[in-house]
Amino acid sequence: MAILEIKITNDAGEKVVKECKSLTVRDYRDYLVLQQELSDSDAPEYAKLDRQLEFIVGLFDGLTVDMMYDKLNMYELNNILADVYVKLIGGDPDDPKDNA
């Protein structure tokens with residue numbers, strides 16, 4: 001199974017790779033709790049986005065919410081969200097048979 005990585009530009013302008021920690025069933029449960037909280041919440045969409053990014057950065061060493069806001073575009077973020085979900089449910093985002 002491939003390691004989930006985020007390629008992002010650091011403050012020095014260099015492209016760096018942040019690797020996802022080993023995901024556990026608890027991480028998936030935490031994801032489910034977050035999704036339920038977001039679904040039940042009347043919070044504004046920007047606050048929901050903050051919560052999603054906080055969850056994501058908790059899975060990657062050295063990644064911050066500010067890095068994601070300032071260094072990614074929405075296309076990149078959507079790909080990251082999809083890849084993290086696939087990884088959380090036990091799939092491999094890089095394996096074509098898991099994406100068929």
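Overview of results
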quantity	calculated
Failed criterion for residue 60 (all others in (1) of a type in the set (Phe, Trp, Tyr); (2) surrounded by 15 or more Cβ atoms within 10 Å (Cβ to Cβ); (3) without any contact (Cβ under 8 Å) to a residue 24 or more places away in the chain hold)	(3)
Answer from 56, 3 - the residue that is within 18 Å of residue 91 (Cβ to Cβ), part of a loop (DSSP other than H, G, I, E, B) and of a type outside the set (D, E, K, R)	3
Complete set of residues in the stretch 63-83 that are of a type in the set (Asp, Glu) and free of Cβ contacts under 8 Å to residues at least 12 places away in the same chain	66, 70, 76
Enumeration of residues in the stretch 63-88 that are surrounded by 14 or more Cβ atoms within 10 Å (Cβ to Cβ) and either aromatic (Phe, Trp, Tyr) or part of a loop (DSSP other than H, G, I, E, B) (or both)	63, 64, 72, 85
Test for residue 55: is it touching a Leu at 6+ places or on another chain (Cβ under 9 Å), surrounded by 13 or more Cβ atoms within 10 Å (Cβ to Cβ), at pLDDT 95 or above and over 14 Å from residue 8 (Cα atoms)	yes
Criterion violated by residue 42 - all others in (1) assigned to a loop (DSSP other than H, G, I, E, B); (2) touching a residue at least 12 places away in the same chain (Cβ under 8 Å); (3) not small (Gly, Ala, Ser) satisfied	(2)
Answer residue from the stretch 8-20, given it is at pLDDT 95 or above and in contact with a helix residue (DSSP H, G or I) (Cβ under 9 Å, 6 or more places away or on another chain) and is nearest to residue 71 (Cα to Cα) among those	8
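The values are calculated or read from the model by the stated rules, or taken from the named source; none is laboratory data. Just so it is clear, the model here is predicted, and its values are computed rather than measured. All Cβ positions, even for glycine, are placed from backbone atoms using ideal geometry, and neighbour counts span all protein chains on display.
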